[in-house]
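Shown next, in structure tokens, is the structure this report addresses.
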Amino acid sequence: MPKTWYKVVIAIILVILFVFLIGFCILVFSEYFPEERETLSVDGESKKELEIGKSFNIITYNLGYLSLDNTQDFFMDGGKNVRPKSATNVTKNLAAVKNFIENQDADIFLFQEVDTKAKRSYNINEYEGIKSAFDGTASFAYMFNSLYIPYPIFDTVGHVESGVVTLNKYNVKEATRVSLPSAYGWPKRAVMYKNCLLEQRINIKDSEKELVVYNIHLDAYGKKNGKTEQLDRLKGLMEEEYKKGNYVIAGGDFNQTFPDVNIEKFPIIDTKNFVPTQISKEYLSEGWNFVTDNSKPTSRLLNEEYSGNYDNTQLYIIDGYILSPNIEKRSVEVIENNFSYSDHQPVKIRIKLK
């Protein structure tokens, strides 16, 4: 009898190892490998013309896949949860964001963390919902296209299809997904973010120049040099476009603090979890500008449900814009919404092409 049980235990262990190996191979061989540059569709239609000297508004907003509202925490930020307890959170937040889009005076929206199909957001197609609320064009670029994310072990993230979305009222010439260097090594890279830029080129009335807009979501949790490589790639692209005579805007979630942000305004009180680095003052060339609202937070740590109070919450200023020297900032503000629909708050900028 003891020998029989011994053989049974060994057999069970071998089966478990075999299943694990098969699963590992499936994840590795199903890894999403985007091209360096991929042409994206521009859904919808808009004939509005962008003009030099006329002001217009842009809003950037990381939506946290409409699941990270003020009632939530998140396991990678020191919390416990992987997703809300029901799809109600997602549908409620989607309805609120659609209302936000319809009622904001904005010509361009830059959204990050928008799911098209994912366990974490109950397989609700957020992209379709968002673009239905906008009178203009829409483009989507994958950041996540993972067959299965196998952690946490007892409540896995599961399947994720997610990315960045740009809504635009102006006449978009073309949209492109531009790959950024990975911040992860193998094999973790197989199921993690494939960071990118969603690049849109917008025609300008009575001009041969273009406005080039980059929707950006840099890495948060990967290796430090990965973030540096992503910033370097962005800088090279922006400067190349500016040398051509074009106007350039990069807006979104940088997951890093801008050089001119007073880090004492919202000091780090929880060093165990996400701590953004501060971008060097020497990063941008002369004449280029970082732009954000330094008076209000754009993001919070998801270690617990939002308390409703800035004073006892870990807060960050990591969302904003970079403007080329030929663009004038008229105003910028964080639109405070009590982190009601996401762990971020929108940042609105008013600008003018010189």
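The values are calculated or read from the model by the stated rules, or taken from the named source; none is laboratory data. None of the values given here were measured: they were computed from a predicted structure. Heads up, the Cβs are rebuilt from the backbone with ideal geometry, glycines too, and the neighbour counts pull from every protein chain shown. Note: areas computed on protein heavy atoms with side chains; ligands, DNA, RNA excluded. Shrake-Rupley method; radii C 1.70, N 1.55, O 1.52, S 1.80 Å.
Miscellaneous remarks
- Taken over segment 282-311, the criterion of being of a type in the set (A, V, I, L, M), assigned to a loop (DSSP other than H, G, I, E, B) and open to solvent by less than 20 Å² (accessible area, probe 1.4 Å) is satisfied by LEU301, LEU302.
- The number of residues in segment 203-235 that are touching a residue at least 60 places away in the same chain (Cβ under 8 Å) and among the polar types (S, T, N, Q) comes to 3.
- Some residue of segment 317-324 being modelled with pLDDT of 95 or more, outside any strand (DSSP E or B) and open to solvent by 70 Å² or more (accessible area, probe 1.4 Å): no
- Qualifying residues in segment 150-172 (those that are touching a residue at least 24 places away in the same chain (Cβ under 8 Å) and in a loop (DSSP other than H, G, I, E, B)) - the one nearest to ASN57 (Cα to Cα): LYS169
- When GLU35, GLU31 are checked against the criterion of being over 18 Å from the mean Cα position of the chain (by Cα), modelled with pLDDT under 95, within 28 Å of TYR221 (Cβ to Cβ) and not hydrophobic (A, V, I, L, M, F, W, C), GLU31 stands alone in meeting it.
- Among the residues listed as GLU161, GLU174, the single one being open to solvent by 10 Å² or more (accessible area, probe 1.4 Å), under 19 Å from THR116 (Cβ atoms) and modelled with pLDDT of 95 or more: GLU161
- Note on segment 93-123: residues that are open to solvent by 30 Å² or more (accessible area, probe 1.4 Å), part of a helix (DSSP H, G or I) and without any contact (Cβ under 8 Å) to a residue 40 or more places away in the chain total 5.
- THR60 vs. criteria among the hydroxyl-bearing types (Ser, Thr, Tyr), open to solvent by less than 60 Å² (accessible area, probe 1.4 Å) and either touching a helix residue (DSSP H, G or I) at 6+ places or on another chain (Cβ under 9 Å) or in a helix (DSSP H, G or I) (or both): no
- Strands (runs of 3 or more DSSP E) completely within segment 189-274 that count 3 or more residues being in contact with a strand residue (DSSP E or B) (Cβ under 6 Å, 6 or more places away or on another chain), within 30 Å of LEU353 (Cβ to Cβ) and open to solvent by 70 Å² or more (accessible area, probe 1.4 Å): none
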